[in-house]
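The values are calculated or read from the model by the stated rules, or taken from the named source; none is laboratory data. These numbers come from a predicted model, not from an experiment. Backbone-built Cβ (ideal geometry, glycine too); neighbour counts: all protein chains shown. In case anyone asks, the SASA skips ligands and DNA or RNA and just uses the protein heavy atoms, side chains included. Shrake-Rupley method; radii C 1.70, N 1.55, O 1.52, S 1.80 Å.
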Amino acid sequence: MRNTLAAVQSLFLPYIETSGISAFDENNPFPSTRYQGSKNKLTYWIWDNIKDLDFKTALDAFGGTGSVSHLLKRKGKQVFYNDILKFNHIIGKALIENDSAKLTDEDIDFLLSENKNKQDFIQKTFKGIYYTDEENAWLDNIIYNINQLNDEYKKAISFFALFQSCIIKRPYNLFHRANLYIRLSNVTRSFGNKTTWDKPFENYFRHFVAEANNAIFYNGLKCQSRNQDALDLDINDVDLLYLDTPYVSNKGIGANYLDFYHFLEGLADYENWGNKICDKYKHIPIKSDKKCPWIDKNQIASEFEKVIKKFRNSKMVISYRNDGIPSIQELFDIVDKYKDKVSVIYSRDYKYALSNSDVKEVLIIGQ
Ligand SMILES: C[S@@+](CC[C@H](N)C(=O)[O-])C[C@H]1O[C@@H](n2cnc3c(N)ncnc32)[C@H](O)[C@@H]1O
């Protein structure tokens with residue numbers, strides 16, 4: 001080992017806002033999102049700690065909502081966004097790769113119009129599981145209309161707005177349980193917000209289209225959205241690699257993004273959805289052929305090593321939490337094998353949704 005782990009606690013608090021929109025870079029703010037693990041509320045803190053690194057191109061290999069890609073795009077970098085899930089890749093197309101396409105009022109009117117040809121897959125398959133019958137019919141209709149659009153970027157913005165609308169109307173903002181009853185039962189709750197869940201899809205759809213339209217801009221460089229396993233990417237000469245992988249808790253529980261968001265992955269491939277579902281479970285998830293190694297406590301450290309080794313010629317910035325597997329010391333040791341200089345920065349305490357413990361966000365920077 002060449003470096004020793006001398007952690008710095010960053011003087012800057014993670015940027016925590018209440019409006020749902022990051023307030024810095026007012027010109028093209030990143031849209032609000034309730035995606036699990038999104039760094040949207042931390043982009044100010046991340047930028048503050050990486051702004052002195054010299055780089056022009058960046059790969060966000062586990063891009064999720066694209067909040068970090070969008071930050072780097074705003075900062076004038078050529079960004080390669082990637083995520084293994086198709087629905088996220090579509091979000092990357094809408095907000096990162098897309099330089100100029102926006103949805104007009106006419107497009108929105110078309111998307112919201114009743115279409116006689118719509119199918120009824122969601123109404124039949126997901127009855128009583130996530131949304132009401134009326135909402136399921138609304139989803140079957142809009143997805144039909146979205147798939148009629150010819151412009152791939154307008155289509156992607158429509159999907160983005162649809163996905164965010166679906167997330168915000170779900171208890172816990174997830175699809176991991178068949179729990180529509182939580183929304184509908186008339187009981188006192190210690191969490192969630194019935195008014196938010198019950199607001200019509202159309203209101204949210206219009207809201208998220210406006211947020212997406214506002215986030216679209218050209219930074220002078222061609223950015224891209226990819227849809228691959230990070231280890232299969234053929235991008236070799238990027239200046240900076242940003243890693244924000246799924247997180248495994250110290251109890252060994254991994255964040256299974258396909259299980260959390262299978263419904264959105266299904267919407268992204270509506271025609272083939274029926275062939276992919278697994279109806280032995282009440283929540284009708286999408287079958288997955290192989291277990292994701294990033295959510296296995298026994299495999300995640302070696303996955304980190306593989307991806308760090310693959311991109312050893314790039315500067316790298318890794319986001320993780322101080323209470324997970326692998327530990328920060330283990331991650332530090334892996335980066336130290338491949339990079340000359342390694343530094344570790346801890347945030348002050350950061351409160352996660354659905355978590356009672358105060359944890360720290362950590363950045364490991366290798367140069
Ligand atoms: C913690 S989230 C990233 C959050 C993101 N930084 C943001 O701000 O929204 C991790 C992401 O990794 C993706 N993912 C999981 N396994 C992957 C793999 N092997 N290759 C690429 N992406 C993967 C998941 O779909 C998920 O969106």
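Pairs please, first residue from region 219-237 and touching a residue at least 60 places away in the same chain (Cβ under 8 Å) and acidic (Asp, Glu), second anywhere and away from the ligand (no atom under 12 Å from the Cβ) and open to solvent by less than 50 Å² (accessible area, probe 1.4 Å), Cβ atoms under 9 Å, 6+ apart in sequence or on different chains.
Taking only residues 6 or more apart or on different chains, the pairs are ASP237/THR57; ASP237/SER314.
Within region 202-240, restricting attention to residues that are closer than 18 Å to LEU59 by Cα and assigned to a helix (DSSP H, G or I), which residue is least open to solvent (accessible area, probe 1.4 Å)?
ALA230
Against the conditions (1) open to solvent by 10 Å² or more (accessible area, probe 1.4 Å); (2) over 22 Å from ARG177 (Cβ atoms); (3) more than 21 Å from the chain's Cα centre (by Cα), where does VAL335 fall short? Just the number, please.
Every listed condition holds for VAL335 apart from (1).
Failed condition for ASN117, given (1) in the same structural domain as LYS194 (by TED's automatic domain parsing); (2) of a type outside the set (A, V, I, L, M, F, W, C); (3) at pLDDT 95 or above, with all others met?
Of (1) in the same structural domain as LYS194 (by TED's automatic domain parsing); (2) of a type outside the set (A, V, I, L, M, F, W, C); (3) at pLDDT 95 or above, only one is false for ASN117: (3).
Please identify the pairs in which a residue from region 25-44 that is more than 11 Å from the ligand (Cβ to nearest atom) has its Cβ atom under 6 Å from the Cβ atom of a residue that is assigned to a loop (DSSP other than H, G, I, E, B) and aliphatic (A, V, I, L, M), counting only partners at least 6 apart or on another chain.
Sorted first by the residue in region 25-44, then by its partner, the pairs are PRO29/ILE21; SER32/ILE21.
Assuming LEU243 fulfils every condition listed in (1) open to solvent by 70 Å² or more (accessible area, probe 1.4 Å); (2) closer than 27 Å to ASN313 by Cβ apart from one, which condition is it?
Of the numbered conditions (1) open to solvent by 70 Å² or more (accessible area, probe 1.4 Å); (2) closer than 27 Å to ASN313 by Cβ, the odd one out for LEU243 is (1).
I'd like the residue in region 82-116 that is of a type in the set (Val, Ile, Thr) and open to solvent by 40 Å² or more (accessible area, probe 1.4 Å) and, out of all such residues, is nearest to the ligand (Cβ to nearest atom).
Looking at residues that are of a type in the set (Val, Ile, Thr) and open to solvent by 40 Å² or more (accessible area, probe 1.4 Å), I get ILE84.
Counting just the residues of region 309-332 that are within 14 Å of the ligand (Cβ to nearest atom) and over 14 Å from GLU361 (Cα atoms), which one comes out surrounded by the most Cβ atoms within 10 Å (Cβ to Cβ)?
Going through the qualifying residues, I end up with PHE311.
When you go through SER347, SER288 one by one, which is the residue that is in a loop (DSSP other than H, G, I, E, B), touching a residue at least 12 places away in the same chain (Cβ under 8 Å) and of a type outside the set (Asp, Glu)?
SER288
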